[in-house]
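To start, the structure under review is shown below, and the notes come after it.
Taken together, the values in this text are just the output of simple stated rules run on the coordinates, not laboratory data. Predicted model only: the values in this text are computed from it and were never measured. When we count neighbours, we look across all protein chains shown, and the Cβ atoms used for this are built from the backbone with ideal geometry, even at glycine.
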Amino acid sequence: MKTELVSRTLFMASASSDFSATTGALGLLRALQREGFKVGFVKPVADLKAGDGQPDRSVHFARTIAGLTVPEPIPAKRAEAMVRASDAASLLEEIVTLVEGARGDCDLMIVEGITCGPDHPLLLDLDPAIARNLGAAVLVTANGRRAEVADMVSMLVDAAHRYGSDGGHAL
């Protein structure tokens, strides 16, 4: 049963730098498609592992499994260079343009956050800025296999604060 959506953009973020939001983002995408929603998908910044002839996994699977037309993400190294050059504003503008250009007549856009790992701290603060600039509701994902319950709760609370401390919505 198709119901009215609160936000037209969902930003899928990871609670930690060592865990990707890919599985959650693509799982949600397919579930919403099965419910009759027209859903778009964008991974605005490619994983660091992508490049060197390797496609971004999220983009590949969104295209092949969900049958979507998904724009190419901005290479992570280029995004990192822009942040390093104090040009984050231009990067965010490019990301918003990428997402809005892909929106078309979709009921909902799912935007997957960056998986950057601890070796790339310049990109860590980019996800909250992307979500804020898109006016997106944030869904935080976490890997529960490697953490005690108390650690998991702490990690999710920290992530919710990071995304919601400026009046945003983190779920």
Farthest positive-ward along segment 40-96 dipole, Cα basis, beta-carbon charges - from Thr64, Ile95, Val42: Thr64
Karplus 3J(HN,Hα) series, Hz, for segment 127-140 with 6.51 cos²θ - 1.76 cosθ + 1.60 (x for Gly, Pro): 4, x, 5, 5, 4, 5, 5, 8, x, 8, 7, 10, 10, 9
Gained length - Arg63 relative to Ser86, 0.36 nm times residue gap less alpha-carbon distance: 5.0 nm
Built amide H within the under 5 Å cut-off of Met109, gap 5+: Thr9, Leu10, Gly40
